[in-house]
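Heads up, the thing below is written out as structure tokens.
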Amino acid sequence: MKTIEQINTQKEYIKKVKNENQNKNLHYSILTMGCRLNENDSEKLCGMLEQMGYTKTENFEDADICVFNTCCVRENAEDKLFGKLGELKKIKEKKGTIIAIGGCMMQEAHMVEKINKSYPYVDIIFGTHTLHKLPEDLYKVLENRKKVRDILDIDGEVYENLPIKRTSNIQANVTIMYGCNNFCSYCIVPYVRGRERSRHPKDIIEEITKLAQEGYKEVTLLGQNVNSYLRSEKWKEKGQDWNGINSFATLLRAINKIDGIERIRFVSPHPKDFTDDVIEAIRDCNKICKLIHLPLQSGSTNVLKLMNRKYTKEQYLELVQKMKKQIPNVVFTTDIIVGFAGETESDFEDTLDVVKKVKFEQVFMFIYSKRVGTPGAKMENQVPEEIKHKRFNKLKELVESQIEENNKKYIGTIQKVLVEGKSKNNPKMLTGRTESNKVVIFEGKEELKDKIIDIQIVSEHMWYLRGKVISC
Ligand code: SAH
Ligand code: SF4
Ligand code: F3S
């Protein structure tokens, strides 16, 4: 069946479930783990659930259906899921709550086995390739009260036109490609998300044009490797394009022309695929934020080789230099893994060295976590836990001192801030973000929400800046 027909089938199931649910005042809760792609998937799950007659509740106890959208990139997510499932057992016994678990962790056979054995009261298990089938799976549970296990181990398809309920009405996630072909040796993602497949440019441009019409100002383009967008698509290999779009760079240029969109971000690019045409597009397009997330993973050429990252320490630094030269005021954030198998003290020093040289705006730091089925898990010379933690703390100290230093540079400057609304910690203040994604807290009227305004920075704190309004 074609993907369009499959989605139409699901729309029929949405109607059927909605009929079943009529006048019942039902609620759903959802717990999302993992990355922005999972967040975007959850927005689609919420869209389907709302169309089926459920209203969102933050409280698991009040929900008639609890959905977990899982991640398996590191071990800690597993403990979180099993803890929640334990809590839900009693609630389910009392009120018959339906429990559905989906996402990356459910593509791992040993995890599904564990749930079937130790948590048999879970009603629905779906994977990353069957997310769109939630309506059908749910209908089957409502009709037969039987468990549904709906997981496919395939390369994957692209499904368009799923209902969506977005978490923000100003910043939108837009997935541009699914899956990954890179097989970094520590990473589980290619095994649970399938091969790279890109959305058609027409679908992306239409989605963003509609977002702009609805008042969205910022889009973040998502993919495990955004700068290989369209690389694996057969229609493109024949030399074709769609309205001039045949690459990530040409997609960026086209999005930059969409009226109403004021900021474009993207995560994550891979350093090995950061071609000159993308650098030029970032330089030329006024809406693309000059904050580039450029995952380093390790600063040591030896470790990068073991990680199968396909670049050296020097090539990474050269790429940063090239961008700094060509793109005025460009700044960087990164991801770093500490304690990968084979990492020596001198390898770790190389990581610190790159951090000192690049001076990142933010570093997302992770302790290496062995993932079943990846080459990294079988490698010799695994680093003992206490050494991993020691190195992690040392890196954290360096990063925090750099952030503090860097934040000082903002004082007195005027920043364009996209106002998100009231600050959660202090409702008397407003909060927003600079182009470089720094949180800014300031006093102001609520009407400023959803606008981009000039703010002068008056003081700095580790995780936010304080500012005052200059113009609206
Ligand atoms: N595709 C993106 C991000 C993938 S997952 C990229 O290539 O950058 C997000 C981050 O999790 C990775 O960048 C990496 O730093 C971290 N990560 C992935 N696998 C990990 C593992 N086994 N242990 C610890 N951190 C890991
Ligand atoms: Fe994982 Fe590497 Fe793919 Fe990123 S590029 S998802 S780190 S395999
Ligand atoms: Fe996690 Fe899956 Fe994202 S494993 S990081 S939720 S792609």
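The values are calculated or read from the model by the stated rules, or taken from the named source; none is laboratory data. In this text the structure is predicted, and so the values were computed from the model without any measurement. Cβ: placed from backbone, ideal geometry, glycine included. Neighbour counts: every protein chain shown. SASA here: full protein model, heavy atoms, side chains in, ligands and nucleic acids out. Shrake-Rupley method; radii C 1.70, N 1.55, O 1.52, S 1.80 Å.
Table for the structure above
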{"item": "Residues located in region 361-420, provided they are within 16 Å of ligand 3 (Cβ to nearest atom) and open to solvent by 90 Å² or more (accessible area, probe 1.4 Å)", "result": "PHE364, LYS370, VAL372"}
{"item": "Residues located in region 92-140, provided they are open to solvent by 20 Å² or more (accessible area, probe 1.4 Å) and hydroxyl-bearing (Ser, Thr, Tyr)", "result": "SER118, TYR119, TYR121, THR128, TYR139"}
{"item": "Where a residue in region 339-350 is more than 12 Å from LEU395 (Cα to Cα) and its partner, wherever it lies, is within 16 Å of ligand 3 (Cβ to nearest atom) and assigned to a helix (DSSP H, G or I), with Cβ under 9 Å and at least six apart", "result": "PHE340/GLY376; ALA341/GLY376; ALA341/ALA377"}
{"item": "Residue that is within 14 Å of ligand 3 (Cβ to nearest atom), in contact with a Gly (Cβ under 9 Å, 6 or more places away or on another chain) and at pLDDT below 95, where the choices are GLY156, GLY179, GLY223", "result": "GLY156"}
{"item": "Enumeration of residues in region 10-19 that are closer than 12 Å to HIS132 by Cα and open to solvent by less than 50 Å² (accessible area, probe 1.4 Å)", "result": "GLN10, TYR13, ILE14"}
{"item": "Subset of region 41-78 [part of a helix (DSSP H, G or I) and within 16 Å of ligand 1 (Cβ to nearest atom)]", "result": "ASP41, ASN76, ALA77, GLU78"}
{"item": "Wholly enclosed helices (runs of 4 or more DSSP H) of region 345-455 bearing at least 3 residues more than 30 Å from MET323 (Cβ to Cβ) and more than 27 Å from the chain's Cα centre (by Cα)", "result": "385-408"}
{"item": "Whichever residue in region 227-242 is in a loop (DSSP other than H, G, I, E, B) and open to solvent by less than 10 Å² (accessible area, probe 1.4 Å) and, among such residues, is farthest from ASP273 (Cα to Cα)", "result": "LEU230"}
{"item": "All positions within region 153-181 that are surrounded by 18 or more Cβ atoms within 10 Å (Cβ to Cβ) and among the polar types (S, T, N, Q)", "result": "GLN171, ASN173, THR175"}
{"item": "Selection status of LEU49, open to solvent by less than 10 Å² (accessible area, probe 1.4 Å), within 16 Å of ligand 3 (Cβ to nearest atom) and over 16 Å from GLN107 (Cα atoms)", "result": "no"}
{"item": "Residue count, region 276-300 (criterion: in contact with a Ser or Thr (Cβ under 8 Å, 6 or more places away or on another chain), assigned to a loop (DSSP other than H, G, I, E, B) and either hydrophobic (A, V, I, L, M, F, W, C) or away from ligand 3 (no atom under 16 Å from the Cβ) (or both))", "result": "7"}
{"item": "Qualifying residues in region 454-472 (those that are hydrophobic (A, V, I, L, M, F, W, C) and surrounded by fewer than 19 Cβ atoms within 10 Å (Cβ to Cβ)) - the one modelled with the lowest pLDDT", "result": "CYS472"}
{"item": "Residue in region 263-276 that is over 24 Å from GLU343 (Cβ atoms), among the hydroxyl-bearing types (Ser, Thr, Tyr) and away from ligand 1 (no atom under 12 Å from the Cβ) present", "result": "yes"}
{"item": "Subset tally (residues that are surrounded by fewer than 20 Cβ atoms within 10 Å (Cβ to Cβ), farther than 23 Å from LYS114 by Cβ and of a type outside the set (D, E, K, R)) for region 54-83", "result": "3"}
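Conditions (1) away from ligand 3 (no atom under 15 Å from the Cβ); (2) in contact with a Leu (Cβ under 7 Å, 6 or more places away or on another chain); (3) closer than 23 Å to TYR159 by Cβ, marked per residue:
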{"position": "ALA77", "(1), (2), (3)": "no, no, no"}
{"position": "PHE82", "(1), (2), (3)": "yes, no, no"}
{"position": "GLU87", "(1), (2), (3)": "yes, no, no"}
{"position": "ILE101", "(1), (2), (3)": "no, no, yes"}
{"position": "GLN107", "(1), (2), (3)": "no, no, yes"}
{"position": "SER118", "(1), (2), (3)": "yes, no, no"}
{"position": "HIS132", "(1), (2), (3)": "yes, yes, yes"}
